[in-house]
Amino acid sequence: MQTNHVAIWIDHKEARILYFDASKNEFIKSDSSQHHLHHKANAIGSGKTPIDHEFFHKVISAVASVKEILILGPGSAKTELVKHASAHDPVAFRAIVGVETVDHPTDAQIMAYAKTYFVGVDNMKGI
């Protein structure tokens, strides 16, 4: 059975994949050991965490059969996930209906936000 809506909250350390059927919810952690870097003066490199493509692949694979995806998160990981989907999984990329900045909400707050968001998306589509 194909799921219609899913919300993904993501940062560089973890992803919470929340379905409207709570029994399917998933929690995926990054295997990267570098989670937070600071740029220092006279140092080589950007000071940013390297992109963990394996982590993003696990997240996108987990929502492969979802019709509409809302991606939430506090930093750049959410846009990096969209870029990864665009390059490696065009079906999942087309399912992404929104990318929103949110801090560190609870699962209940994510679901409330997602319900409101998807009602708006459905209204715009005339569903």
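The values are calculated or read from the model by the stated rules, or taken from the named source; none is laboratory data. Computed from a predicted model, the values in this text were never measured in an experiment. Don't worry about glycine lacking a Cβ; one is built from the backbone with ideal geometry, like all the others, and counts go over all protein chains shown.
If you check Q109 against the conditions, is it modelled with pLDDT under 90, farther than 13 Å from I17 by Cα and either surrounded by fewer than 13 Cβ atoms within 10 Å (Cβ to Cβ) or not aromatic (F, W, Y) (or both)? Show your work before the answer.
Details: modelled with pLDDT under 90: no; farther than 13 Å from I17 by Cα: yes; either surrounded by fewer than 13 Cβ atoms within 10 Å (Cβ to Cβ) or not aromatic (F, W, Y) (or both): yes.
No.
Yes/no per residue for (1) modelled with pLDDT of 80 or more; (2) within 21 Å of A114 (Cα to Cα):
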position: Q2; (1), (2): no, yes
position: A15; (1), (2): yes, yes
position: D21; (1), (2): no, yes
position: K29; (1), (2): yes, no
position: K40; (1), (2): no, no
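Tally the residues that are of a type in the set (S, T, Y) and not in a helix (DSSP H, G or I), restricting the search to segment 104-127. So that I can check it myself, show each step before the final result.
So the first thing to find is which residues in segment 104-127 are of a type in the set (S, T, Y), and the list is 106, 113, 116-117.
From the residues that got through so far, the ones that are not in a helix (DSSP H, G or I) too are 106.
So the count comes out to 1.
For segment 84-103, name all the residues that are surrounded by 14 or more Cβ atoms within 10 Å (Cβ to Cβ) and assigned to a helix (DSSP H, G or I).
Residues satisfying the conditions are H84, A85, H88, A92, F93, A95.
Yes or no: segment 42-55 includes at least one residue that is modelled with pLDDT of 85 or more, closer than 18 Å to H5 by Cα and in contact with a helix residue (DSSP H, G or I) (Cβ under 9 Å, 6 or more places away or on another chain).
For segment 42-55, residues modelled with pLDDT of 85 or more, closer than 18 Å to H5 by Cα and in contact with a helix residue (DSSP H, G or I) (Cβ under 9 Å, 6 or more places away or on another chain): absent.
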